[in-house]
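One structure is given here, and the rest of the page talks about it.
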Amino acid sequence: MSIKKVGPSEPGPEPGPVADSGPASKAESGPASKAEPGPTAGTGSLVDVRDVSVVFRKRRTLAAARQVRAVNDVTFHIAEGETFGLVGESGSGKSTTGRALLKLVPTVSGSIKVAGHDVTALHGGALRRARRSMQMVFQDPYSSLDPSATVAASIAEPLIVHERLSARAARTRVHELIEMVGLRASYADRYPYEFSGGQRQRLAIARAIALNPRFVVCDEAVSALDVSTQNQVINLLERLRSEFKLTYLFIAHDLAIVRHISHRVGVMYLGRIVETGPAERVYSAPAHPYTQALLSAIPDPRRESERIVLEGDLPDPAKPPVGCPFQTRCRFVMDVCRQQVPEHTAVEGGGEVACHLQTSGPTLAGSPLNDLAPTRVAAAP
Ligand SMILES: Nc1ncnc2c1ncn2[C@@H]1O[C@H](COP(=O)(O)OP(=O)(O)OP(=O)(O)O)[C@@H](O)[C@H]1O
Ligand code: SF4
Ligand SMILES: [Mg+2]
């Protein structure tokens, strides 16, 4: 059985979506639950990313090519069983980071370790074997479900190719997987277009967990769904994480979505991570002016007057500004910001921020002036 490789495409028409069923989907129909406390201290990192950069060359004319540093010196780790949320505007480098972790794009520098594998050094058969423990769930379920094959065929494909299961054993496992994601096993012989968007995403998740991965990159996995379906799929991911001790990199441009599932969060801007920290701290006391602006934009009638408007667009990633990447839109910009890239410094409450305000900015009563802004933004619950 072979699956046609399908590129990203618009979801097809949904002539007859089948109804959700089974105990799991009922249990997940409520509002998204806050992620349980993260893994305990001392748990080793399953994912260790250090100083990783990815450069794309865009050829504009025969003579001229320009380079885009889509990921620039990115460092973070994810503990086993933890969900690390990666947020930032469109074009900030989130997907490229996720793809680099699975060696779907080449890196130009840095090291990536995932589940004991030195990803940047893997090639050929070793890379194929390692990929079994690292999977990806995309925004568009058709990236992994072949529209012209039954969902059983799509989900069985990795089992037959990698596990060498017999057709009968693969079918049994496919039924288990479909039930695991809250759908009826009897749906196995239907085609992707016969399902609703949320159900299709459940099936894409079933395929992603078929080989018992340890690490899953969810790239905008719920972004195309309506709010209540988003909650259901997030709760499903959360249940699978806790049941199978999965570790997630959860990518989304919407901070409100990431908040519900992440133990820790990283904020990306123009290829760089500008802030990391426990989700609670980042959401209650964001330290970077960019994070403050993003959070203030989350619709909340109680916080209407405190919205920080981000002027302008993300700069051209082929011509990033010298110094801090956020300087062209930052309301606190200083001379030093136009000369030096800010170092990452520790933040009270956990995590790090890359902002000169924390080190060489003006102070008030000994505290960085920037500390005043998080207090103001976080004032509303
Ligand atoms: N295959 C590619 N070839 C050339 N440039 C690319 C490629 N993939 C991404 N880029 C560029 O790299 C930068 C980061 O893109 P990326 O897709 O990682 O951003 P993102 O944060 O995931 O955005 P979005 O929220 O829109 O998905 C962008 O400037 C993009 O144009
Ligand atoms: S380093 Fe400067 S420009 Fe960058 S976020 Fe901090 S204050 Fe703003
Ligand atoms: Mg993306």
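Condition first: away from ligand 3 (no atom under 14 Å from the Cβ) and under 26 Å from L295 (Cβ atoms). Can you find one or more residues in segment 85-103 that meet it? Within segment 85-103 (the criterion being away from ligand 3 (no atom under 14 Å from the Cβ) and under 26 Å from L295 (Cβ atoms)), the answer is no, since none of the residues qualifies. Note on segment 316-340: among residues that are touching a residue at least 24 places away in the same chain (Cβ under 8 Å) and either more than 12 Å from ligand 2 (Cβ to nearest atom) or among the β-branched types (V, I, T) (or both), the one that is farthest from L86 (Cα to Cα) is V336.
Within segment 183-190, is even one residue in a loop (DSSP other than H, G, I, E, B), modelled with pLDDT of 95 or more and under 20 Å from F244 (Cβ atoms)? The answer is yes; a qualifying residue exists. Total residues in segment 203-259 satisfying the condition of being over 17 Å from the mean Cα position of the chain (by Cα) and not small (G, A, S): the figure is 12.
Only one entry in T229, T247 is buried (at least 21 other Cβ atoms within 10 Å of the Cβ) and polar (S, T, N, Q), namely T247.
Listed here are the residues, each with its yes/no results for (1) of a type in the set (D, E); (2) surrounded by fewer than 23 Cβ atoms within 10 Å (Cβ to Cβ); (3) modelled with pLDDT under 95; (4) in contact with a strand residue (DSSP E or B) (Cβ under 6 Å, 6 or more places away or on another chain).
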site	(1), (2), (3), (4)
L86	no, no, no, yes
V114	no, no, no, yes
L127	no, yes, yes, no
A149	no, yes, no, no
A152	no, yes, no, no
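Scanning segment 334-348 for residues that are farther than 17 Å from D73 by Cβ and either β-branched (V, I, T) or not in a helix (DSSP H, G or I) (or both) returns M334, V336, Q339, A346, V347, E348.
Answer with yes or no whether E311 is of a type outside the set (A, V, I, L, M) and either over 29 Å from M136 (Cα atoms) or assigned to a helix (DSSP H, G or I) (or both). Taking the combined requirement at face value, the residue satisfies it.
When E80 is tested against (1) more than 16 Å from ligand 3 (Cβ to nearest atom); (2) buried (at least 22 other Cβ atoms within 10 Å of the Cβ), only condition (2) is not met. Within segment 209-224, the residues that satisfy the criterion of being at negative phi, away from ligand 1 (no atom under 16 Å from the Cβ) and of a type outside the set (G, A, S) are I209, L211, P213, R214, F215, V216.
Considering P321, P317, the condition of being within 16 Å of ligand 1 (Cβ to nearest atom) and out of contact with any helix residue (DSSP H, G or I) (no Cβ under 7 Å at 6 or more places or on another chain) is satisfied by P317 alone. Got at least one residue in segment 349-364 being part of a strand (DSSP E or B), modelled with pLDDT of 95 or more and surrounded by fewer than 18 Cβ atoms within 10 Å (Cβ to Cβ)? No, every residue in segment 349-364 fails to be part of a strand (DSSP E or B), modelled with pLDDT of 95 or more and surrounded by fewer than 18 Cβ atoms within 10 Å (Cβ to Cβ).
Within the set of pairs 6+ apart or on separate chains, which have a first residue in segment 86-100 that is over 12 Å from S53 (Cα atoms), a second that is more than 16 Å from ligand 2 (Cβ to nearest atom) and polar (S, T, N, Q), and C-beta atoms under 7 Å apart? Taking only residues 6 or more apart or on different chains, the pairs are L86/T97.
Of the residues making up segment 269-288, those that are more than 17 Å from A79 (Cα to Cα) and among the small types (G, A, S) are G271, S284, A285, A287. Let me spell it out: the conditions are (1) more than 16 Å from ligand 1 (Cβ to nearest atom); (2) surrounded by fewer than 22 Cβ atoms within 10 Å (Cβ to Cβ), and H253 meets all of them except one. Which number is the exception? (1) is the only condition that H253 fails. Would a scan of segment 298-309 turn up a residue that is more than 16 Å from ligand 3 (Cβ to nearest atom), touching a Phe, Trp or Tyr at 6+ places or on another chain (Cβ under 6 Å) and among the hydrophobic types (A, V, I, L, M, F, W, C)? Within segment 298-309 (the criterion being more than 16 Å from ligand 3 (Cβ to nearest atom), touching a Phe, Trp or Tyr at 6+ places or on another chain (Cβ under 6 Å) and among the hydrophobic types (A, V, I, L, M, F, W, C)), the answer is no, since none of the residues qualifies.
The values are calculated or read from the model by the stated rules, or taken from the named source; none is laboratory data. Predicted model only: the values in this text are computed from it and were never measured. Please note: Cβ atoms are built from the backbone with ideal geometry, for glycine as well, and neighbour counts cover all protein chains shown.
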